[in-house]
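What follows is calculated from the coordinates using simple rules that are stated; it is not laboratory data. Just so it is clear, the structure is predicted and the values come from calculations on it, not from any experiment. Note: ideal-geometry Cβ built from the backbone for every residue, glycine included; neighbour counts use all protein chains shown.
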Amino acid sequence: METRDIIFSAVMVFSAFVLVYKLVYGGSPKEDPVIVMSAVILIGMIAILFLSVGERLRRIDEEIKEKERSLRVSMQSVEEEVREKVDMATRRLNEVREEIVKRGYR
């Protein structure tokens with residue numbers, strides 16, 4: 001968890017505390033601007049946290065895509081190497097088979 005997320009969470013908790021305190025122990029909620037400001041701050045912090053989570057998910061998605069691309073390239077190079085070795089081994093086996101067939105007919 002990043003520092004900014006911790007700060008946002010602390011502000012949200014404090015705002016919620018102020019809201020509850022004012023509603024329970026305060027007077028009329030319609031006349032108190034502290035409640036309104038606390039609600040605005042609380043909603044703002046929730047929105048910022050959602051944005052932060054969205055940004056983090058976007059970065060994770062990009063990292064996964066980059067790793068997937070590099071893995072795909074690595075797999076292609078390994079596939080080409082294996083194909084070349086199999087082709088070389090097949091050619092060698094065919095040569096050996098032809099030599100054996102030629103010897104058998106003599």
Return the distance in nm (one decimal) between the two label points of a simple spin-label model at E81 and I43, each offset 7 Å from Cα along Cα→Cβ. 5.9
Among F50, F14, F8, rank each residue by its count of other Cβ atoms within 10 Å, from fewest to most, as a rough exposure measure. F50, F14, F8
With unit charges on the beta carbon (Lys/Arg positive, Asp/Glu negative), name the residue among L71, M45, V20 whose Cα is farthest towards the positive pole of the charge dipole of the chain. L71
Give me the angle, in degrees from 0 to 90, between the Cα long axis of helix 33-105 and the longest principal axis of the Cα atoms of the chain, rounded to the nearest 10. 0
Top of G44, G54, G26 by mean-square fluctuation, Gaussian network on the chain, Cα under 10 Å: G26
When the chain is fully extended, how far beyond the present Cα-Cα distance does L93 get from E66, taking 0.36 nm per residue of separation? 5.7 nm
Size of electric dipole in the chain: Cβ of Lys, Arg +1 and of Asp, Glu -1, about Cα centre, debye, nearest 20: 560
Could you tell me the calculated FRET efficiency between I6 and L57, based on Cβ-Cβ distance and R0 = 25 angstrom, to the nearest 0.05? 0.85
If one takes the longest principal axis of the Cα atoms in the chain, at what angle in degrees, from 0 to 90 and to the nearest 10, does the Cα axis of helix 3-25 lie? 30
With volume of the Cα convex hull per residue in Å³ defined as stated, name the option among [x] 159; [y] 92; [z] 120 computed from the structure displayed. [z]
Ascending count of other beta-carbon atoms within 10 Å, so fewest first, for D61, D5: D61, D5
